[in-house]
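A short write-up of the structure that comes next.
Taken together, the values in this text are just the output of simple stated rules run on the coordinates, not laboratory data. Computed from a predicted structure; not experimentally measured. Backbone-built Cβ (ideal geometry, glycine too); neighbour counts: all protein chains shown.
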């Protein structure tokens, strides 16, 4: 199985696509940082007993006044920026991935139902999707968060509410196509239950286009979450994501303490850029029509 | 014979792809006299369309004209500048494409697309250009031409669109028309109409035509001379009746045998065995030998050159078919 | 055409109604606004009184009915914070927001369309690859972070641009705008560039994809066979066909720009309605939020309608039904 995969056209093309390789490398490094990073840094940035106010606003280690113990400098509470970024990236990535998983599950389910059963259910789901699509995701998320208040769970709800539509539409479209096909008709004639037909026969055939959507959506979600947190309506200050770190950095930017906002921003950029590079490659690979 | 209007000499057009070099046209030569209609025949993938696009200089990367000459009125188009080619395209040489559904710009009126040719190649004022367009549309059998100029391509049927395409190609009265499978995408009933129309337009203007097609039946009715391509090379050429009645190359013979023809009364339709080989990796010797019933040892080592066969007929074969001889 | 317009108008009304329901429901579940209007040390009786005045003692459907009838009459209530009509507050700040959104849109179009056309017409060119990698980086950047970096480098360190505020404004046709003064332009440039970042990247990619699709078409080759120059073909035949998907994305992007303007306005202290929205969210100033959302919804449905009409103008194959 693994051997066939390594010899496949997919891997062959990947090895000849520098942006795809770069994206994969970036993602591997980021995943490593997010998963193992918190165990590698000496400081738990949110354990106040480990922070030393004497060390606040130290510049990066290579600048005048920098401390080798704090590679990227410290923030106003003497928090090591490396530790803060590693923990923040973990929260950002976790939110992006979980919200994607939720949105994908709910959107796919609704899309299957709409496409398979049609009629009023279909009309209702698609009408809601239409109305929602006429508004930008950011605005809907902002509005929901303003109603909910801050919290990781609430960010997840808001992102899911924003993200399900694209899956529902795509899946409904491909389901409508699949239902016409003979194997579904045959399964119906054979007396299989609707639920079984949907799960066993329709679902596997409508999943491929979702891979690209899901990949890119994780990046989008990370950016939206960062924006929400930057505005102060995202994650709570006790669980700062990268966006919230940037917001804290913004407050001191005018005093020239640039590093507290530059490095978290670079981290977001790296994560999302890696995701998008890979997403571009997948899009080309999985949509032969576009070649 | 008068001086040829077009003389293609050893034309080589190759496509450099990642998977290897495709020698789509590899040493093609032929002459075309003024007023002559020539058929360029072969299976799909045989490089016949590429010849047409090469003449107009419309080969885009990764394709490239690697060598040879395309003498049009004595001027070599293969080495001409893009500026020069632009003045020749549409004005001296017109081209009709295969699919009329896609060769017209969907967001411009037919009138605008016709007008463009005259704007590019003549000094006529707007009124004169319009009059010329109307005249041209009527001459290709489109009624109410003045109204139709304001219509968009999607408002025409396929056959009508091909008439418009022909009108555009003939608008500046070119001396050569290249028609690349002009009727393949059309209904059978309309095919004959369009072919007759083209033939008539050519005759009226005294122009020459190269008809690129895979369809020998079309060639038999339409052209004066025929050139048969296989794997980027000319395998046979000659006057159309002679080539069809007494083909010299086994490939031509195979093509003719695969036409349904009530006169021949074959027990069943023959087809050429095998497929066109991968042009990226052509073997030494004759490219047709793997499919050829007459192939012998020499065919695997020496590529046959195009040699005079009988009268004006030439063939590139070590063992050409003699008249009357069974295949 | 007339029937189509009427049908679209009904669709627009339906969307606006759906939004009003959603806005109302969300607002009903978010805290008790009565405490926003009474004094901190108000007695229970005073609270009850205020509740009755706001209509909060009625049932939910009744409250919605009031809400809807008030909306119809343009009666949105007073801001709890400013003690002024919420509508006036928003409308007062609308020009500032539209200004930066339009400038950002213009920047995006001017930068993205030529680059996208180039990249689409010359797919293998090294410059095209550079453009495409750049655009991918563009959509991977948090817009607010870009704004901060611009502020830090160009305003704080190099002092080339002001870091906040709207600058001098002039009144034109009853609208205060900073687009008529040099100082205003000096102020608007950084926020508008910040805001345009993501849109530029997206329009660039759509333009490129559209052009690539179009340049493959037979009619492009046929136009060249007519003797048109490469440029002539590109602009005369390719561009208009390639622009069809771009028009749609412009409509959608306008919405995104208005949404993201909230962040840009916050960073640059730009006195627009986006910043007012964020401030109002912090202060739970419900009437202002409602006006903002309804106004934005109105803008969207109108823009979508205009985009559909533009479509029919740009592509003759689409006829309005």
Inset, instruction - Determine the calculated [θ] at 222 nm for the protein assembly as shown from helices alone, applying -39500 (n - 2.57) to every DSSP H run no shorter than 4 residues and normalising by the residue count; nearest 500 deg cm²/dmol. - result: -18500 deg cm²/dmol
Inset, instruction - Using a/c under 1.5 as the rounded threshold, could you call chain A rounded, prolate or oblate? The axes a ≥ b ≥ c are square roots of the C-alpha gyration tensor eigenvalues, and prolate needs a/b larger than b/c, oblate otherwise. - result: prolate
Inset, instruction - For chain B, with a Gaussian network of springs between Cα atoms less than 10 Å apart, report the residue from B:40, B:85, B:124 with the top mean-square fluctuation. - result: B:124
Inset, instruction - Specify the residue with the greatest mean-square fluctuation among B:216, B:177, B:149, computed from a Gaussian network of chain B linking alpha-carbon atoms under 10 Å apart. - result: B:149
Inset, instruction - Summarise the partner chain shielding of A:140-146 as one whole number: the mean count of Cβ atoms from other chains within 10 Å of each residue's Cβ. - result: 5
Legend entry - Inter-label distance, nm, simple model (7 Å from Cα along the C-beta direction), residue C:164/residue C:11: 4.3
Inset, instruction - Compute the length gained on full extension between residue C:314 and residue C:70: take 0.36 nm times their separation in residues and subtract their Cα-Cα distance, giving the result in nm to one decimal. - result: 83.9 nm
Inset, instruction - Note the full-extension length gain between residue A:62 and residue A:39 as 0.36 nm times their separation in residues minus their Cα-Cα distance, in nm to one decimal. - result: 5.9 nm
Inset, instruction - Between A:250, A:135, A:281, find the one with the highest GNM mean-square fluctuation for chain A; connect C-alpha pairs within less than 10 Å. - result: A:135
Legend entry - Rounded tilt (10° steps) of C:2-28 against the dominant C-alpha axis of chain C: 50
Legend entry - Cα Rg, Dmax (largest Cα-Cα span) when computed across the stretch A:215-272, Å: 11.3, 38
Legend entry - Mean Cβ count within 10 Å, highest first, over the residues of peptides A:162-172, C:103-113: A:162-172, C:103-113
Inset, instruction - With everything on Cα atoms, drop me the angle between helix C:182-215 and the longest principal axis of chain C, reported from 0 to 90° to the nearest 10. - result: 50
Inset, instruction - Counting only DSSP beta bridges with both residues in the protein assembly as shown, tell me the antiparallel percent, nearest 5. - result: 65
Legend entry - Number of partner chain Cβ atoms within 10 Å, mean per residue of A:128-137: 6
Inset, instruction - Would you please give the FRET efficiency between residue B:199 and residue B:302, computed as 1/(1 + (r/R0)^6) with r the Cβ-Cβ distance and R0 = 30 Å, to the nearest 0.05? - result: 0.15
Legend entry - On Cα atoms only, tilt of A:81-117 relative to the major axis of chain A in degrees: 10
Legend entry - Average beta-carbon neighbours from other chains, 10 Å sphere, peptide B:63-75: 0
Inset, instruction - With label points built 7 Å along Cα→Cβ from the Cα atoms of residue A:123 and residue A:94, find their separation and express it in nm. - result: 4.5
